[in-house]
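The values are calculated or read from the model by the stated rules, or taken from the named source; none is laboratory data. Here the structure is a predicted model, which is why all the values come from computation and not from measurement. No Cβ is skipped: glycine too gets one built from the backbone with ideal geometry, and neighbour counts run over all protein chains shown. To get the accessible areas, we keep the full protein, side chains included, count just its heavy atoms, and leave off ligands, DNA and RNA. Shrake-Rupley method; radii C 1.70, N 1.55, O 1.52, S 1.80 Å.
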Amino acid sequence: MKESRRGFLIQSASLSLSLPLIGCSIQSLPSLKTAPAISPNPLNVREAKVGQSWKYLKINQFNSDPVELIDEQISSIENGQIIISRKGQKSQNLGNEIQSPFGKLLTDSDWDNNQTYQSAIPLYLDLNQTNISATIQTSYQVGNSSYRLPIGVTIRQHGWESITISSGTYIAMKIDKVIRFQHNDSTRIDSTRTDRYWYSPEIGRWVVRETDGKYFYMAGSRRVDGREDFLRYELQAWSK
């Protein structure tokens, strides 16, 4: 596979992960550089093939600290299911993501527990349309559990934007998801996640993804608010 971005980007990211922090100041992550754009012409989503890969830098949005580099690769395509293996520089095996068909999530391994959905959840809606939305109500299972938990996903597809990051400038569709679900940890109440990403048909995946989540639990009679990790994933390289 031919890497479309230069290797020094990866080396620089690896170096930054190994350097100790200097000082004690906390600086939030800068805003992304985006601008309105017209639709790609022609508008075609790349075909999934074994060996296609993407490399992302996972960043803590609270303090701008790099967390780790993540390698994602289509390891197999079987019976219409696209298996994407995910490995972290530190955490190693992050579990497999499964799409069926390409562009619809059947198993999402990006959260605290792998979620396998009864009905696949689309990454995007009709890319020929902007400012549209849809809501999917389904259920999910965690790991090998046979117990199904309810989940609802509202997808808002905004429009095409030009987005510039360290690996280049891309034309991508800005998409927001609001996810309300029953967590498999029964002490978590009213779990809600937000998932914003810029999806590029050219690379068949997001260029940038930002995730966050909140819930609450009861400590006796007192309500305590909880927060999930506030993260950004930035594309460092991808293969054609």
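Listed by position, the strands (runs of 3 or more DSSP E) enclosed by segment 19-98 include none that has at least 3 residues that are in contact with a strand residue (DSSP E or B) (Cβ under 6 Å, 6 or more places away or on another chain) and modelled with pLDDT under 95. Of all residues in segment 105-121, at least one satisfies being among the charged types (D, E, K, R), modelled with pLDDT of 95 or more and open to solvent by less than 60 Å² (accessible area, probe 1.4 Å).
Pick from GLN52, GLN73, GLN89: which is under 26 Å from SER166 (Cβ atoms), open to solvent by 50 Å² or more (accessible area, probe 1.4 Å) and in contact (Cβ under 8 Å) with a residue 60 or more places away in the chain? Sole residue among the options that is under 26 Å from SER166 (Cβ atoms), open to solvent by 50 Å² or more (accessible area, probe 1.4 Å) and in contact (Cβ under 8 Å) with a residue 60 or more places away in the chain: GLN89. You will find that of ILE175, ILE163, ILE179, ILE189, the residue that is out of contact with any Gly (no Cβ under 7 Å at 6 or more places or on another chain), among the hydrophobic types (A, V, I, L, M, F, W, C) and over 25 Å from ILE151 (Cβ atoms) is ILE163 and no other. Could you tell me whether any residue of segment 173-190 is modelled with pLDDT of 95 or more and among the small types (Gly, Ala, Ser)? No, every residue in segment 173-190 fails to be modelled with pLDDT of 95 or more and among the small types (Gly, Ala, Ser).
One line per residue, one yes/no per condition, for (1) open to solvent by less than 30 Å² (accessible area, probe 1.4 Å); (2) on the phi > 0 side of the Ramachandran plot; (3) touching a residue at least 40 places away in the same chain (Cβ under 8 Å); (4) touching a Ser or Thr at 6+ places or on another chain (Cβ under 8 Å):
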| residue | (1), (2), (3), (4) |
| --- | --- |
| ARG180 | no, no, no, yes |
| SER186 | no, no, no, no |
| ILE189 | no, no, no, no |
| SER200 | yes, no, no, no |
| VAL207 | yes, no, yes, yes |
| ARG227 | no, no, no, no |
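Pairs meeting the criteria (first residue in segment 94-120 and among the β-branched types (Val, Ile, Thr), second residue open to solvent by 50 Å² or more (accessible area, probe 1.4 Å), beta carbons under 7 Å, at least 6 apart or on different chains) are ILE98/GLN81; THR107/ASN96; THR107/ASN114.
For (1) more than 16 Å from ASN113 (Cα to Cα); (2) of a type in the set (A, V, I, L, M, F, W, C), each residue gets a yes or a no:
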site	(1), (2)
SER145	no, no
SER162	yes, no
ILE165	yes, yes
VAL178	yes, yes
ARG196	yes, no
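From the list THR130, THR169, the lone residue that is in a strand (DSSP E or B), open to solvent by 60 Å² or more (accessible area, probe 1.4 Å) and of a type in the set (S, T, N, Q) is THR169. Looking only at residues that are within 23 Å of TYR199 (Cα to Cα) and surrounded by 16 or more Cβ atoms within 10 Å (Cβ to Cβ) in segment 137-155, which one is farthest from the chain's Cα centre (by Cα)? Looking at the filtered set, the residue picked out is ILE151.
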